[in-house]
Amino acid sequence: MVMRIKSDLDYEKFCNELGITLEDLINLQQQKSYPKINTPQVKTNILISEAITKFKDHLVILNKGNKRSDSTLSTYTNFLDRFNKFIQDKDAKITVDKLNEELLMEMLNISKPRKDETLSVRTINKYVSILRKLIFFCFDKDFIERDYRYRFTINNVDSLPRYLSNSQLQLVLKKALQRTYGYRCRAMIIFLAGTGCRVSELVNMRVKDFNINEKLIYVYNGKGKKDRVIPMFKEVEKAILHYLRLSGIKEWNNYCEGFLFCRDEGDKREKNLTVNSVQYLVRNIFKEMNLNKDYTVHSFRHSFSVNCLKAGIPLHYLTQILGHDDPKTTQIYLKLHPVDLKEEVNKHYPFPFENLLKELFL
C-alpha cells in the first residue's frame, strides 16, 4: 500500500535555497538523476594585499558597531600594514593560499630594530592570531577554497601574571618622580596600580569620570567597547587630587570634560597622552630596574588584581571590576610567583597534619 504524506513545506522556496529546480527535486526523489547544486564561485587567487584591504574594511565596520575596540583596531591595522609592506617588497603577487609561518617569521626578522633582539612568545602569538583571523575571514567570504589556519600554531606561554612586589612598586614610583613631569608620571602609575585600568583606558579617562562625590571611577568604552565602574580607593583619590591641583585644577568638579592625564595642563585639558608615550615611560623605568621584557605597563593591572585577591576580594567581584566577561580569565591572578606562594603558605604554618606528624614521631 502506498502512503501519501501531506506536507506544509514550501517546495519552491526550499528549492530556491538549495539552488535547484523543482524538476531536479522530483528527479532526485524518483532517483532519475542528481541535481547540480549551484555553489558560490570561489576565488582562489586573491592577493594578500587585496585580502588585507578587505579585512581592514571589515574591522572598521566591526569597530563602528562596537564589536571591536579602538585599541584592537589600531593593533591589527599597524601589524597588517607592516606585513603588507613586507609582501609588496618581496612579491606583490603572493596570494593568501601561500600564507605560512615562514613568511611571518621572515617579516619579523627583517623588521627587528636590532639583529640581536628576540621577540617574546606572547608578541609572536599576537601576530599569528591576527593572520589566522585574516585567513578565516577570507575563507568565510569564499576568497579561498580551504581554511589554512592550521599552518599557524599558537605556542604555549607561562601563564603566571607578571605583577610587581610592593618594594618594586615603591622603586617604580621613586623613579617616576625623577622623570620630566614627574608628578604626572607618579600619578599615572598610582592610578594604574590602584584601579587595574588598561593603559588605553587611562589615556581616555576624563576628569569628570573620576567621580570624587560618588567615590567611583567610570570607565567608558573599555576593551570591547564595554563600560564599567571601579571603586575608588582612598590612596588613589588622594594621589589624583594632588596631581590635579599641581596640573591646574584646584578643585574637582563633575563638569570638567577635559582629560584626567593630559599634555596641556590647566582647565581645558584637550590634549590627552598617547598609549605609546605611557608605554615608553614605563618600559624605560623597568629597563633601569633590570626587569625583563615580559614586564610591561600591563603589569600594573596584574599587580592590582593579585593584591585584590590577596586582600580577600571575591573572584567574581574582581571579574566585574576588571571588565572580564568570563571569570576564567580572572583566575590567572590566583597564581602566585614562588616567593609569594611561600609567604602565603608560611602564614598558615604549621598545618594541622604537621602537629599530627610530630605526635607520631615522638
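The values are calculated or read from the model by the stated rules, or taken from the named source; none is laboratory data. In this text the structure is predicted, and so the values were computed from the model without any measurement. As a convention, Cβ positions derive from the backbone with ideal geometry for all residues, glycine included, and neighbour counts pool all protein chains shown. To get the accessible areas, we keep the full protein, side chains included, count just its heavy atoms, and leave off ligands, DNA and RNA. Shrake-Rupley method; radii C 1.70, N 1.55, O 1.52, S 1.80 Å.
Pairing each residue of the stretch 141-166 that is more than 28 Å from R283 (Cα to Cα) with any residue that is open to solvent by 40 Å² or more (accessible area, probe 1.4 Å) and modelled with pLDDT under 85, provided the two are 6+ apart or on different chains, yields C-beta distances under 7 Å for D142/P40; D142/V42; D142/K43; F143/K43; I144/T44; E145/V42; E145/T44. On the stretch given as the stretch 302-323, residues that are on the phi < 0 side of the Ramachandran plot and within 19 Å of the chain's Cα centre (by Cα) total 10. Among the residues of the stretch 232-285, the one identified as aromatic (F, W, Y), in a helix (DSSP H, G or I) and buried (at least 19 other Cβ atoms within 10 Å of the Cβ) is Y243. Scanning the stretch 272-301 for residues that are without any contact (Cβ under 8 Å) to a residue 40 or more places away in the chain and under 17 Å from the mean Cα position of the chain (by Cα) yields a total of 1.
Here are D116, D70, D91, D97: which of them is crowded, with 16+ Cβ neighbours inside 10 Å and modelled with pLDDT under 95? Spell out the reasoning first.
Working: D116 fails: crowded, with 16+ Cβ neighbours inside 10 Å; D70 fails: crowded, with 16+ Cβ neighbours inside 10 Å; D91 fails: crowded, with 16+ Cβ neighbours inside 10 Å.
Testing whether each residue is crowded, with 16+ Cβ neighbours inside 10 Å and modelled with pLDDT under 95 leaves just D97.
Taken as a whole, the structure leaves N78 outside the set of residues that are open to solvent by 20 Å² or more (accessible area, probe 1.4 Å), within 20 Å of N100 (Cβ to Cβ) and in a helix (DSSP H, G or I).
Restricting to the stretch 286-311, what's the tally of residues that are in a loop (DSSP other than H, G, I, E, B) and closer than 22 Å to L260 by Cβ? Let's see the steps before the verdict.
First pass over the stretch 286-311, keeping only residues in a loop (DSSP other than H, G, I, E, B): 289-298, 311.
Restricting the remaining residues to those that are closer than 22 Å to L260 by Cβ gives 296-298.
Residues in the stretch 286-311 being in a loop (DSSP other than H, G, I, E, B) and closer than 22 Å to L260 by Cβ: 3 in total.
Among the residues making up the stretch 255-288, those that are under 14 Å from R179 (Cβ atoms) and of a type in the set (A, V, I, L, M, F, W, C) are F261, L273, V278, L281, V282, I285, F286.
Looking only at the stretch 198-231, which residues are among the charged types (D, E, K, R), in a loop (DSSP other than H, G, I, E, B) and farther than 21 Å from C185 by Cβ? Let's see the steps before the verdict.
So the first thing to find is which residues in the stretch 198-231 are among the charged types (D, E, K, R), and the list is 198, 201, 206, 208-209, 214-215, 223, 225-228.
Now restrict to residues that are in a loop (DSSP other than H, G, I, E, B): 198, 214-215, 226-227.
E214, K215, K226, D227 - these are the residues of the stretch 198-231 that are among the charged types (D, E, K, R), in a loop (DSSP other than H, G, I, E, B) and farther than 21 Å from C185 by Cβ.
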